[in-house]
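The block underneath contains the structure these notes are about, expressed in structure tokens.
Throughout, read-outs are computed from the coordinates displayed, never taken from laboratory work. A quick note: this is a predicted structure, and the numbers were derived from the prediction, not measured. Here the Cβ positions follow ideal geometry from the backbone for every residue, glycine too, while neighbour counts run over all protein chains shown.
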There are 2 protein chains.
Amino acid sequence: MNDRGNAAKSQWVKTLAHGGPLRCGTVVTPLNNCMNAMDTASFKLDDRLPRYHQLRDDLLSRIAAGEWTPTQAIATEAELGQFYNVSTGTVRKAIDLLVADGVLTRSQGRGTFIRRPRFDSSLFRFFRFKSRDGQPVRPTARVLKREIVKPSAEIRAALKMKATEKAIHLSRVRLIEGQAVLSEEIWLPRARFEPLATLPLDDFEDLLYPLYERLCRQIVASATEILRVEQATPDDASVLGLATGSPVILVHRVASDFAGTPFEWRSTRGAATTFQYQVEIR
Amino acid sequence: MNDRGNAAKSQWVKTLAHGGPLRCGTVVTPLNNCMNAMDTASFKLDDRLPRYHQLRDDLLSRIAAGEWTPTQAIATEAELGQFYNVSTGTVRKAIDLLVADGVLTRSQGRGTFIRRPRFDSSLFRFFRFKSRDGQPVRPTARVLKREIVKPSAEIRAALKMKATEKAIHLSRVRLIEGQAVLSEEIWLPRARFEPLATLPLDDFEDLLYPLYERLCRQIVASATEILRVEQATPDDASVLGLATGSPVILVHRVASDFAGTPFEWRSTRGAATTFQYQVEIR
DNA sequence: CAGTGGTCTAGACCACGGT
DNA sequence: CCGTGGTCTAGACCACTGC
């Protein structure tokens, strides 16, 4: 049996000319196999946009609604073409857009999948960490502190939180061979991350995003990072083993879900001497 | 009259099935209107690649050979389809690749054009410059020194220069309201940039790339930049008006032509306090 | 108004992955 | 072996640009 949903084969609204509205049939079974039925009422698309663009937007909202998981193939091109009553070429173009946005990846012979952003080594993008023998290494992590607090106005604004809402604040260090190389402050809206409010600190893993996904069903879809250079405060200095006032790179990240809603605020500090960044300009 | 070349309408090598080799007809007039005729011998394409990929590669080599200028539309999709004996869909896909690479831009109703990379504000990408009243400003530039020298081994390697070849070395400062904010060292292979070896220093403009294009017919197609943090040397400090040892951002750039051949090596230093960089991760 | 790229269709066949 | 996405075709019509 297939791991996909079966596209409905019921009534289709016929649309012919270019520029006509994008419609989909009334749905008997949804496009996936794990959600309840949705009807056409959920579409509020701008008819002035090309069909493939409307299709892209609708697919994205389905993805944001959790209609498919990253391990599951989304509906096939043929199914989508039937469902939306457009040709497969138009479906391909819509999917192309989402692939270009980093939302989907195609896999020939297997299907099309939701893609997580490659934070692979977000750290390696900025910091060159090597062990004593010169091999690149991924730092381990330790959560030093967790508190449930009212966030500052800045963080509340960045995370679009209500005035009364509380946040989970984590203080973390990342270590290489026992030596702290990065210090991190993380803020999460409590409502979305309740399981992390009580998780024993020792159960936090080196990578938080898999934890978000497993325990809180929150998938990071994209993030914005801003880099600056600062001088080490006495606190930074003692955590990172630097001289007070020595240059420190500050990486400031806001991570969002597929709907574009920000749900993690994070700042990372590391010695500027370990910093390097490469950009291609075209 | 059209600003394009007229595609030849002579013999076409017929290729039918997918995977067949990409061929073009023997050329009577070339694809543009400013170069001499080229024949099919100039194609050494890998038949294992999809046609649109071979087409992309051939177009890129034509662009690198200067077959079109950035102000001129390249051959139309229909012409290219006829010339290479492929459907316009395949041409579109090849052009899509080059657009994604930043090599071409399309303009509906006008044509498809060679695109220069947007260094718009390469500086603004990294440094936040503001005048006294808080408005963002573009620094002016002054060339302090020019010498014709044997480049260091590092620079010779980066620019793939022959052992005997000489380089033009420029030392520049960039100023805001008379205050030096960036110091730059630039190396160029002399052979490609002969006109700059004798140009009076006062005739150098704030932006060098338009100068490269106008005087030396060298178009920057792409560049790689590497950022690091250093401490100001006494020289840096006196040029930039900083304290010796204060943090400085070093931006190290190698710029290349459309064929991927590097032809400019540049390092830029500025106070780390004016630095900021933003990245989107997907 | 002619010519460009942009959108869209309805197919065909190929290459790959898993059963 | 079947089903997936990948390549490619040969059109049609639309939207924009510039003469």
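Be a star and scan segment A:214-253 for residues whose amide nitrogen sits under 20 Å from the point 7 Å along the Cα-to-Cβ vector of A:Thr140.
A:239-241
In a shell of Cβ-Cβ distance under 11 Å around A:Leu201, excluding A:Leu201 itself, what net charge do Lys and Arg (+1) and Asp and Glu (-1) give?
+2
Rounded, prolate or oblate, given the Cα gyration tensor of segment A:44-197, with a/c below 1.5 counting as rounded?
In terms of gyration-tensor shape, oblate.
Could you list the residues of segment B:173-193 with an amide nitrogen less than 19 Å from a label point located 7 Å from the Cα of B:Asp133 in the Cα-to-C-beta direction?
In segment B:173-193, the label zone of B:Asp133 (backbone N under 19 Å from the point 7 Å along Cα→Cβ) covers B:176-179.
Which order, highest average first, do A:58-68, A:206-216 follow once you tally other Cβ atoms within 10 Å for each residue and take the mean per peptide?
Ranking, from highest mean packing down: A:58-68, A:206-216.
Would you mind computing, in nm to one decimal, how far apart the modelled labels at B:Leu207 and A:Ile226 are, each placed 7 Å from Cα along Cα→Cβ?
2.7 nm
What does the structure give for B:266-275 when I average, per residue, the other chain Cβ atoms found within 10 Å of the residue Cβ?
Mean inter-chain Cβ contacts per residue within 10 Å come to 2.
Per-residue mean of other chain beta-carbon atoms within 10 angstrom of the beta-carbon, peptide A:92-100?
0
Along Cα→Cβ at 7 Å, what distances in nm separate the B:Ser87 label point from those on the other copies, shortest first?
Spelled out, the distances from B:Ser87's label point are 0.8 nm.
Please work out which residue of chain A brings its Cβ closest to the axis of the rotation superposing A onto B, and round that distance to whole Å.
A:Pro247, 2
From a point 7 Å beyond the Cα of B:Ser171 in the direction of its Cβ, which residues of segment B:236-264 have a backbone N at a distance under 13 Å?
B:236-240
Within segment B:84-167, list the GluC sites (Glu not before Pro) lying in a DSSP loop whose Cβ has at most 16 other Cβ atoms in a 10 Å radius.
B:Glu165
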